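Here's the structure, in structure tokens; my notes come after.
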Amino acid sequence: MRIPDLELYKGMPDSTIIYSADMFEIFGYKLNRNSSVTYFIRNGSFPSPSKINFMKLKGCKANTKYVWSLGDLRKLQKELIEASNNATTR
């Protein structure tokens with residue numbers, strides 16, 4: 001998994017919700033009409049998301065959408081950087 005680039009989210013609270021379209025930019029992939037967020041989750045390119053039921057919100061037609069919290073992505077970023085540093089010092 002690539003280390004997420006969270007520079008654009010600097011100063012935002014950990015509770016900020018990140019949607020799947022943003023995940024492509026955060027992890028450095030191009031979003032196009034053939035991109036499937038499910039594929040990226042299943043192959044380990046994206047971390048497992050939190051699921052939120054949006055059915056009750058403003059008549060949204062989709063039952064569930066994939067979302068991530070910024071706090072979880074920051075923790076993942078820190079872990080991946082530490083793992084990368086440990087691998088280079090060996």
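The values are calculated or read from the model by the stated rules, or taken from the named source; none is laboratory data. The structure displayed is predicted, hence computed values, not measured ones. Using ideal geometry, Cβ is built from the backbone for each residue, glycine included, and neighbour counts are taken over all protein chains shown.
Inspect all residues belonging to region 9-17 and state whether any of them is without any contact (Cβ under 8 Å) to a residue 12 or more places away in the chain, exposed (fewer than 15 other Cβ atoms within 10 Å of the Cβ) and under 11 Å from Leu70 (Cβ atoms). For region 9-17, residues without any contact (Cβ under 8 Å) to a residue 12 or more places away in the chain, exposed (fewer than 15 other Cβ atoms within 10 Å of the Cβ) and under 11 Å from Leu70 (Cβ atoms): present. Of note, Leu80 satisfies the criterion of being at pLDDT 90 or above, among the aliphatic types (A, V, I, L, M), out of contact with any helix residue (DSSP H, G or I) (no Cβ under 8 Å at 6 or more places or on another chain) and surrounded by 12 or more Cβ atoms within 10 Å (Cβ to Cβ). Give region 19-37 a look and list any residue that's touching a Phe, Trp or Tyr at 6+ places or on another chain (Cβ under 8 Å), in a helix (DSSP H, G or I) and either modelled with pLDDT under 90 or on the phi > 0 side of the Ramachandran plot (or both), or say none. Correct list: Ser20, Val37.
For region 51-62, the count of residues that are modelled with pLDDT of 85 or more, more than 9 Å from the chain's Cα centre (by Cα) and surrounded by 12 or more Cβ atoms within 10 Å (Cβ to Cβ) is zero. On the stretch given as region 1-18, residues that are in a helix (DSSP H, G or I) and of a type outside the set (A, V, I, L, M, F, W, C) total 2.
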